[in-house]
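Single-structure report; data block below.
The values are calculated or read from the model by the stated rules, or taken from the named source; none is laboratory data. Everything numeric in this text was worked out from a predicted model, so none of it was measured. In this analysis, Cβ positions are derived from the backbone assuming ideal geometry, glycine residues included, and neighbour counts consider all displayed protein chains.
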Amino acid sequence: MPAVYHSPYPDLDIKSIDLVSYLFSNPFNTPLDRPLYVDAVSGKTYTYGDVIQRTRSLSNGLRQSIGVKPNDVVAFFSPNSIEYPIVCHALIGSRAIASPTSAALTALELNAQLKTSGARFIIVHSSLLETAQKAAKGTSVERIVLLDGQESFNGKPTCESMASTFAPTEFLTVDSAEADRQATFICFSSGTSGAAKGVITTHQNMTSNLQQWRSQMLESGHPSQRPTRSSAIGFLPFSHIYGLNLFVCQCLIWGTTVVVMPKFDLDLYLGYIQKYRPDELSIVPPIALMLVKDQRVSNYDLSSVRRIMSAAAPLTIELSSALEAKFKELWKTDVFCTQCWGLTETSPLATAIPNDHLEKRTTGVGCIVPNMEFRFVDPDSMKDAEVTADGSTQPAEIWCRGPNVVMGYYNNDEATKGSFHIDEDGKRWFRTGDIGTIDADGYISIHDRIKEMIKYKGLQVIPSELEGKLIDHPDVEDAAVVGKWVDERATELPVGFLVLSRQAKERDEKTVIDGINSWLNERVANHKRLRGGIFILAQIPKSPSGKILRREVKELLKSKAPKARL
């Protein structure tokens, strides 16, 4: 029998229900006049009542004026805005499938995603119209619909106009028996080590994860231990599953006021925290790095913050501890920085630190959320990981299953087949591609992606471990580590890419690099040394969600531009 791990908390009575019915059920009695989405730049605000009315009106307009039909795939290409949640839920309330795409995409990248999703329509923010027009060529897109403004485009009203002028009508709902099969979103995986894939997220995937998130993150522990979530600053891309679940869905049902930033700017972000005083920040590791290292942070009052949640990319223990220390130093506040783990394929939350076990935050990414099952499997032998004397498993690939785990990839049977394993009992397991361990208490630590692990003479080197140590050096602003194959030595060599601090740039580069290298060598095992060299960059390539784009970093090894030093 395989070794299967569960949440230390009991399973929930997961409701099988369509997403819009669940989101607008108002379980917390949010007043209709409560501000729900606030444009950070203009101050324009939609109350909870506005969101209900505008979503129902837009759903009617999309069906009557644009011709959106059930099961149509509609791509959505826009930066964050207060219209974003309304468009998403209007599409789902029309029984269409929303396919959010990153506002950072080029025309070529967007074209590939449109071909993958087979989108019939694309809704576009005016600032991205030219890119969308180029991208739509040669795809199944029949019409481009403009998101913002009141003037019609190509003879059709904008979404903002339809939400203001069409009569609000009832949503088209999905029968509960179909909720586990009917898609709501096609979200694209980040594709940090390969081409992005369209992930099929169903109604039940989303509603299950909203209930799991609420149980583990918001309602666990004593009321005094829980974040109030009265306000939040939304800079994470709403097109990414992290921002989509948290700000577009979760904050709506929770009644949290979301201050929407169209793009990240540190000074503006700090100013919004000072003004709107959230008690919890939802961030990604690059922002944690800024909060620790940027001197501008001390110019603002962030004393309202009590909790910081990081996800979407690995956050090292060194960085999370430094962030807690920063708040203690500047504002004399006790802030707990926790890390969650999940993937687009888990909708996304799969593990988190409960409110009543914050002492476990330094061990990794928390425990399994209710209603999920995990296995830890050696990817080479396909056998369960061995358990050590202290009750922890050996590092192995995490497999998981549960109501929040998606069916597969849109129009990509090969990728779906390669990502799921059917065991001898007929159970279907998603192979996450992440290497991790679970301890005797059921708490999980993520080591790295299988594809990103470095093997030096057969010994395992974990890039994120080295990156965490490098970032801890005062001369280093940011870091990335990749492997470089060297034929002459018949092995991979770890290579470091560094962004130096402002003070370090003013000193002799060779002296600085030699100092960092010596400092690191004292702190790591012999096989983890950066034998492939150290490169200096102006910036580490990252995705909008904060993941290091390692394939782009490896491409830099082929160029002669960066200067390497050992």
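Considering only segment 159-177, state which residues are surrounded by 14 or more Cβ atoms within 10 Å (Cβ to Cβ) and over 25 Å from Arg143 (Cβ atoms).
Passing the criteria: Thr173, Ser176.
When residues of segment 438-459 are filtered for being in contact with a Phe, Trp or Tyr (Cβ under 8 Å, 6 or more places away or on another chain) and surrounded by fewer than 21 Cβ atoms within 10 Å (Cβ to Cβ), how many remain?
In the first step, residues of segment 438-459 are kept if they are in contact with a Phe, Trp or Tyr (Cβ under 8 Å, 6 or more places away or on another chain); the result is 438, 442, 444, 446.
From the residues that got through so far, the ones that are surrounded by fewer than 21 Cβ atoms within 10 Å (Cβ to Cβ) too are 442.
Qualifying residue count for the region: 1.
Can you tell me how many residues in segment 30-39 are assigned to a loop (DSSP other than H, G, I, E, B) and under 24 Å from Phe235 (Cβ atoms)?
The number of residues fulfilling the criteria is 2.
Mind listing whichever residues of segment 5-14 are surrounded by 15 or more Cβ atoms within 10 Å (Cβ to Cβ) and either assigned by TED's automatic domain parsing to the domain that holds Gln53 or in contact with a strand residue (DSSP E or B) (Cβ under 9 Å, 6 or more places away or on another chain) (or both)?
Tyr5, His6, Ser7, Tyr9
Hey, Asp50 hits all of (1) closer than 30 Å to Lys427 by Cα; (2) touching a strand residue (DSSP E or B) at 6+ places or on another chain (Cβ under 9 Å) but one; which does it fall short on?
(1)
Taking segment 10-30, which residues are among the aromatic types (Phe, Trp, Tyr) and under 18 Å from Ser215 (Cα atoms)?
Step one: of segment 10-30, the residues among the aromatic types (Phe, Trp, Tyr) are 22, 24, 28.
If the condition is that a residue be among the aromatic types (Phe, Trp, Tyr) and under 18 Å from Ser215 (Cα atoms), then Tyr22, Phe28 are the ones that fit.
For Ser21, state whether it is in a helix (DSSP H, G or I) and surrounded by fewer than 24 Cβ atoms within 10 Å (Cβ to Cβ).
yes
Out of Glu324, Glu345, which single residue is crowded, with 23+ Cβ neighbours inside 10 Å, at pLDDT 95 or above and assigned to a helix (DSSP H, G or I)? Can you show your working first?
Values: Glu324 fails: crowded, with 23+ Cβ neighbours inside 10 Å.
Answer to the check: Glu345.
Name the single residue, out of those in segment 212-228 being among the small types (Gly, Ala, Ser) and part of a helix (DSSP H, G or I), that is nearest to Ile368 (Cα to Cα).
That would be Ser215.
Please name all residue pairs, on different chains or six or more residues apart, with Cβ atoms under 9 Å, provided the first residue is in segment 265-286 and is surrounded by fewer than 21 Cβ atoms within 10 Å (Cβ to Cβ) and the second residue is modelled with pLDDT of 95 or more and assigned to a helix (DSSP H, G or I).
Every condition considered, the pairs that remain are Leu266/Leu291; Leu266/Arg296; Leu266/Val297; Asp267/Arg296; Asp267/Asn299.
For every residue, the table says whether it meets (1) under 27 Å from Ile200 (Cβ atoms); (2) assigned to a loop (DSSP other than H, G, I, E, B).
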| site | (1), (2) |
| --- | --- |
| Phe28 | no, yes |
| Val41 | no, yes |
| Tyr46 | no, no |
| Asp50 | no, no |
| Leu62 | yes, no |
| Ile86 | yes, no |
| His89 | yes, no |
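Kindly indicate the residue of segment 257-291 that is part of a helix (DSSP H, G or I) and modelled with pLDDT under 95 and also nearest to the chain's Cα centre (by Cα) among those meeting that condition.
If we filter segment 257-291 for residues that are part of a helix (DSSP H, G or I), which is where we start, we get 266-276, 285-291.
Subsequent filtering for residues that are modelled with pLDDT under 95 retains 285-290.
On the way: Pro285: 11, Pro286: 13, Ile287: 13, Ala288: 14, Leu289: 17, Met290: 18 Å.
Ranking the qualifying residues of segment 257-291, first place goes to Pro285.
Only residues that are closer than 19 Å to Ser78 by Cα and either small (Gly, Ala, Ser) or in a loop (DSSP other than H, G, I, E, B) (or both): list them for segment 150-173, please.
Across segment 150-173, the qualifying residues are Gln150, Glu151, Ser152, Asn154, Pro157, Thr158, Ser161, Ala163.
Does Met206 satisfy being modelled with pLDDT of 95 or more, within 30 Å of Pro35 (Cβ to Cβ) and touching a Gly at 6+ places or on another chain (Cβ under 7 Å)? Please lay out each step first, then the result.
Numbers: modelled with pLDDT of 95 or more: yes; within 30 Å of Pro35 (Cβ to Cβ): yes; touching a Gly at 6+ places or on another chain (Cβ under 7 Å): no.
For Met206, the condition - modelled with pLDDT of 95 or more, within 30 Å of Pro35 (Cβ to Cβ) and touching a Gly at 6+ places or on another chain (Cβ under 7 Å) - is not met.
I'm checking my understanding of the structure. Among residues of segment 428-447 that are among the aliphatic types (A, V, I, L, M) and part of a strand (DSSP E or B), which one is farthest from Ser189 (Cα to Cα)? Talk me through it step by step, then tell me what you get.
Going residue by residue through segment 428-447, those that are among the aliphatic types (A, V, I, L, M) are 435, 438, 440, 444, 446.
Filter once more, so that each one left must be part of a strand (DSSP E or B): 435, 438, 444, 446.
Values: Ile435: 18, Ile438: 25, Ile444: 23, Ile446: 19 Å.
Only one residue fits best here, namely Ile438.
Only one of (1) under 23 Å from Ala352 (Cα atoms); (2) surrounded by 15 or more Cβ atoms within 10 Å (Cβ to Cβ); (3) not assigned by TED's automatic domain parsing to the domain that holds Val524 fails for Thr416. Which number is that?
(1)
For segment 485-502, give me each residue that is of a type in the set (A, V, I, L, M, F, W, C) and within 30 Å of Asp294 (Cβ to Cβ).
Val495, Phe497, Leu498, Val499, Leu500
Filter segment 91-134 for residues that are part of a loop (DSSP other than H, G, I, E, B), surrounded by 21 or more Cβ atoms within 10 Å (Cβ to Cβ) and more than 20 Å from the chain's Cα centre (by Cα) and give the result.
Selection gives Gly93, Ser94, Arg95, Ala96, Ala119, Arg120, His125.
Within segment 479-518, track down each residue that is aliphatic (A, V, I, L, M), out of contact with any helix residue (DSSP H, G or I) (no Cβ under 8 Å at 6 or more places or on another chain) and over 14 Å from Gly533 (Cβ atoms).
Ala490, Val499
If I go through segment 24-55 residue by residue, how many of them are under 15 Å from Tyr84 (Cβ atoms), surrounded by 17 or more Cβ atoms within 10 Å (Cβ to Cβ) and more than 24 Å from the chain's Cα centre (by Cα)?
Matching residues across segment 24-55 total 5.
Provide a single number: the residues in segment 229-256 that are polar (S, T, N, Q) and in a helix (DSSP H, G or I). So that I can check it myself, show each step before the final result.
Narrowing segment 229-256 to residues polar (S, T, N, Q): 230-231, 239, 245, 250, 256.
Among the residues that remain, those that are also in a helix (DSSP H, G or I) are: 245, 250.
Final tally of qualifying residues: 2.
Filter segment 368-378 down to residues that are of a type in the set (A, V, I, L, M, F, W, C) and within 16 Å of Pro395 (Cα to Cα), then give me how many there are.
Residues flagged as of a type in the set (A, V, I, L, M, F, W, C) and within 16 Å of Pro395 (Cα to Cα) within segment 368-378 amount to 3.
Could you identify the single residue in Leu537, Leu493, Leu500 that is more than 22 Å from Asp448 (Cα to Cα) and surrounded by fewer than 20 Cβ atoms within 10 Å (Cβ to Cβ)?
Result: Leu537 is the single residue among Leu537, Leu493, Leu500 that is more than 22 Å from Asp448 (Cα to Cα) and surrounded by fewer than 20 Cβ atoms within 10 Å (Cβ to Cβ).
Does segment 413-427 contain any residue that is modelled with pLDDT of 95 or more, assigned to a strand (DSSP E or B) and in contact with a Leu (Cβ under 7 Å, 6 or more places away or on another chain)?
Within segment 413-427, not a single residue is modelled with pLDDT of 95 or more, assigned to a strand (DSSP E or B) and in contact with a Leu (Cβ under 7 Å, 6 or more places away or on another chain).
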